[in-house]
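Please read the structure below before turning to the comments.
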Amino acid sequence: MSLNLEQYVSEFSAQNINGEHLLQLDGSKLKALGMTSSQDRAIIKRKLKEMKAALEKARKAQEKMEKQREKLRKKEQEQLQRRAKKTDKCSSDATEGTNEQ
């Protein structure tokens, strides 16, 4: 509707075309849905291309965020392990010092 192609809404609805299905449509599938105008198909295909690009960009950004989170988790875990080793060493040094006395 935002593309001024409301004449196709009823057929898309009747065929249960949702967002996921919409992204899978190509020219021949659009034609089969009753979209006879090549200009209308071109408008839809261009918009679908934009949407796919935006989805891919969002997916890559999500992957980047997940990698950063994982990197932070690993760094925090390494710091905790270093602290634990220092604590163990200090405890063993203190125990050795007590034993020497």
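Between residue 5 and any residue 5 or more places off or on another chain, the built amide H atoms are never under 5 Å apart.
What number comes out for the charge environment of residue 12, summing +1 per Lys or Arg and -1 per Asp or Glu over other residues with Cβ under 14 Å away?
Neighbourhood net charge equals 0.
Rounded if a/c is under 1.5, else prolate if a/b is larger than b/c, else oblate: which is segment 21-67, with a ≥ b ≥ c the root eigenvalues of its Cα gyration tensor? Prolate, because a/c is 1.5 or more and a/b exceeds b/c. Which option, (i) 16.0; (ii) 14.9; (iii) 18.7, is the value of Kirkwood radius over Cα pairs in Å that was calculated from these coordinates? Recomputing Kirkwood radius over Cα pairs in Å here picks out (iii). In whole percent, and with a 1.4 Å probe on the protein chains, what portion of the accessible area of the chain is carbon and sulfur? Its accessible area is 51 percent carbon and sulfur atoms.
What you get for segment 5-85, charging only the Cβ of Lys and Arg (+1) and of Asp and Glu (-1), is a dipole of about 900 debye around the Cα centre. Entry comment: accessible area of the chain is 85 Å² per residue, from protein heavy atoms only and a probe of 1.4 Å.
The values are calculated or read from the model by the stated rules, or taken from the named source; none is laboratory data. Keep in mind that this is a model prediction, so the values were computed, not measured. All Cβ positions, even for glycine, are placed from backbone atoms using ideal geometry, and neighbour counts span all protein chains on display. Protein only, heavy atoms only, side chains kept; ligands, DNA and RNA dropped before computing areas. Shrake-Rupley method; radii C 1.70, N 1.55, O 1.52, S 1.80 Å.
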